[in-house]
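Working notes, beginning with the structure itself.
Read-outs: derived from the displayed coordinates by stated rules, not from any lab. None of the values given here were measured: they were computed from a predicted structure. Counting neighbours? That spans all protein chains shown, and the Cβs are built from the backbone with ideal geometry, glycine included.
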Amino acid sequence: MNELPHIPVLLDAVLDTLRVTDHPAGRYVDGTVGAGGHAAAILQAAPEARLLGLDRDPAALALAAEQLAPFGDRATLRHASYEQISAVVPAWLAFISDTASDTVSGADGILLDLGISSMQVDDPARGFAFRHDGPLDMRFDPAGGGISAAEIVNTWDDAALADILYTYGEERHSRRIARAILAARAPQPIESTRQLAEIVASAYKGPREKIHPATRTFQALRIAVNDELGAVERVLPRAIDCLKVGGRLAVISFHSLEDRIVKQTFKHEATDCICPPPQPVCTCDHVARVRLVTRKPIQPDAPEIDANPRSRSAKLRVVERIE
Ligand SMILES: C[S@@+](CC[C@H](N)C(=O)[O-])C[C@H]1O[C@@H](n2cnc3c(N)ncnc32)[C@H](O)[C@@H]1O
């Protein structure tokens with residue numbers, strides 16, 4: 001296997017909680033295959049397992065293809081959003097299954113490692129980072145249509161811009177930064193990552209921090225461009241649908257809003273009755289489909305954070321299908 005361009009986060013915890021060695025012939029889905037680090041480790045730990053890897057980014061899939069080549073047809077890769085999981089997983093299970101029961105029962109484990117990979121951040125042409133100069137793009141799938149970061153900063157009004165900076169970036173200076181963006185774009189559009197970083201830095205009046213003043217603005221734009229929170233909300237129930245009874249869903253998030261969606265959805269899916277508390281008789285008929293494997297999220301320890309500072313905000317939550 002090649003040296004990894006992205007270090008997989010919480011790797012041992014993912015392998016443990018998905019109980020990969022207990023299912024050596026398991027069916028696994030990596031909905032965010034990236035450079036294939038987690039996927040390769042799953043295939044190595046479970047010598048007869050099959051794995052379906054999805055990614056929205058064709059460049060990531062090319063790296064995953066190299067990384068997973070030694071596993072031959074045990075690994076299948078598809079260019080798809082994990083939001084399409086309900087369509088692609090049954091089709092893949094039917095394709096690889098020897099018996100009809102494999103097809104109906106679903107996957108043994110599904111992993112979603114949300115967010116962005118190191119190679120995406122490090123490639124100036126993708127426009128994710130202010131450390132390099134590049135076009136303001138930030139789409140995970142640059143050829144797939146959708147709005148770019150340049151379109152947002154050059155066309156949205158200041159209220160809409162301030163709103164995403166505040167909500168997705170937790171940027172306290174959101175209004176001031178939004179006004180500075182509108183003033184800077186009036187003579188000519190803002191086109192590059194460095195230009196935007198300089199506009200934000202010059203508008204920023206807060207105390208000096210360890211991070212660059214544009215960090216939160218870039219994070220907010222990336223989340224808005226890719227509708228990342230909407231995608232997480234939509235995929236979780238669909239991923240649970242794709243699990244067999246006893247199968248597990250593991251989700252690694254890097255942003256507090258993402259983690260909140262994962263925590264609340266898992267709690268909802270693990271609860272039988274969701275009627276409001278004063279109601280004496282249940283009328284909702286809600287039935288739990290999962291049990292919580294992790295009551296508190298698993299987070300990287302100090303040695304992992306030292307070795308890979310990008311892991312520091314990671315939180316892993318896991319559920320098991322029960323019905
Ligand atoms: C943190 S990286 C995954 C790294 C991977 N676990 C590894 O070990 O290399 C997240 C990946 O998710 C992909 N991604 C983001 N949104 C996606 C979506 N809606 N569907 C599929 N992949 C997505 C990104 O393109 C990126 O490659």
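A few notes on this one:
- Amide H to amide H, with H built 1.01 Å from N, residue 288 comes under 5 Å of 272, counting only residues 5 or more places away or on other chains.
- Alpha carbon Rg of region 82-237, scaled by the compact-globule rule 2.2 N^0.38 Å: 1.29
- Relative contact order, whole percent, for the chain stands at 17, derived from Cα pairs under 8 Å and 6 or more residues apart.
- Of 252, 177, 240, the one that fluctuates the most in a GNM where the chain has Cα springs shorter than 10 Å: 177
- When the chain is treated as a GNM with alpha-carbon contacts under 10 Å, the residue of 58, 276, 189 showing the greatest mean-square fluctuation is 276.
- Karplus-derived HN-Hα couplings along region 143-154 (A = 6.51, B = -1.76, C = 1.60, θ = phi - 60°), whole Hz, x at Gly and Pro: 8, x, x, x, 7, 9, 4, 4, 5, 5, 5, 9
- Remark: region 243-323 projects, on average over all directions, an area of 6.6 nm² (convex hull of Cα atoms).
- Taking every alpha-carbon pair under 8 Å whose residues sit at least 6 apart, region 141-225 reaches a relative contact order of 38 percent.
- Comparing 226, 52, 79 along the charge dipole axis of the chain, the residue lying farthest to the positive side is 226, per the Cβ-charge model.
- Per-residue 3J(HN,Hα) values for region 112-128, derived from phi via the Karplus relation 6.51 cos²θ - 1.76 cosθ + 1.60 with θ = phi - 60°, read 10, 10, 6, x, 10, 9, 4, 5, 5, 4, 7, 9, x, 5, 7, x, 8 Hz in sequence order (x marks Gly and Pro).
- For residue 75, residues with placed amide H under 5 Å, excluding near neighbours: 51
- Net charge of Cβ neighbours under 15 Å - reference residue 145; Lys, Arg +1; Asp, Glu -1: -4
- Largest-first ellipsoid semi-axes for the chain, taking √(5λ) over the Cα gyration tensor eigenvalues, angstrom: 36, 24, 18
- For region 58-69, Karplus couplings with θ = phi - 60° (6.51, -1.76, 1.60), whole Hz, Gly/Pro x: x, 5, 5, 5, 5, 5, 4, 4, 5, 5, 9, 3
- Footprinting exposure proxy for 14, 319 (fewest neighbouring C-beta atoms within 10 Å first): 14, 319
- About the Cα centre, charge dipole magnitude for the chain (Lys/Arg +1, Asp/Glu -1 at Cβ), debye: 920
- Comparing 94, 290, 188 along the charge dipole axis of the chain, the residue lying farthest to the positive side is 188, per the Cβ-charge model.
- Positive-pole candidate from 203, 249, 239, dipole of the chain, charges at beta carbon: 203
- Residue among 294, 283, 217 with the largest mean-square fluctuation in a Gaussian network model of the chain, springs linking Cα atoms under 10 Å: 283
- Cα-based Rg and Dmax for region 141-225, where Dmax is the largest Cα-Cα distance (Å): 12.1, 40
- Where labels lie 7 Å past Cα in the beta-carbon direction, separation of residue 91 and residue 73 in nm: 1.9
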